[in-house]
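Heads up, the thing below is written out as structure tokens.
Please treat every number below as a calculation from the coordinates, not as lab data. The structure presented is a predicted model; accordingly, all values stated were derived computationally and were not measured. Ideal geometry is used to build each Cβ from the backbone, glycine not excepted, and the neighbour counts take in all protein chains shown.
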Amino acid sequence: EWRNFPKANGISPAQLLIGRKQRGLLPTVEVDNKKRDRVTNDVTQNRSRSRCLCPLQIGDEVRIQNAITKKWDELGIITSKRNNGRSFWIKTKNGWQILRNRRFLKKETKRTSNRDGSPETKREKIENSRIDPRRSERISRKESIGSDRNQGETDTPMLQ
């Protein structure tokens, strides 16, 4: 019966030799490895899907996600970092001092500016980047309403 007893790797010597489980006189308890495998697969998949957030330093300008609207509409500057490194104290543009988790912060990128130093608006970007629209190379023939084409002819033959 020892040959049918599973070892540390979960497989019995008889199963290794023959490739299938053998029946024995002693009853066996099925080990539920599916649950353990499912948990380990979940952990590895979560790790592969996650992404590292870029590190933030004191003095960086950041966008803050609004907890209600979920929009990144508030700007602030990082004043200090907490000991765990995941939370930051931020001073907003309106003077509030707030504490936010790293997950709800995005580093603000500097906008491009015009020659005079003022930030470029979306409309100015579109106007500056206008190019001629693409045209088809196919030559199309203009038809007028009273043209000679198809006069006296019908598309469907007449039945008699």
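Here are some notes:
- Eligible lysines near K34 by straight Cα distance, threshold 20 Å, same-chain separation 8 or greater: K7, K21
- FRET efficiency for W72 and I18, using Cβ-Cβ distance with R0 set to 41 Å, rounded to 0.05: 0.10
- Stretching the chain fully between W89 and N33 yields a gain of 15.6 nm (0.36 nm per residue, less the alpha carbon separation).
- 19 Å Cα-Cα reach of K107 towards lysines, excluding residues that sit fewer than 8 places from it in its own chain: K70, K71, K81, K91, K93
- The slack between E143 and W96, meaning 0.36 nm per residue of separation minus the straight C-alpha distance, is 10.1 nm.
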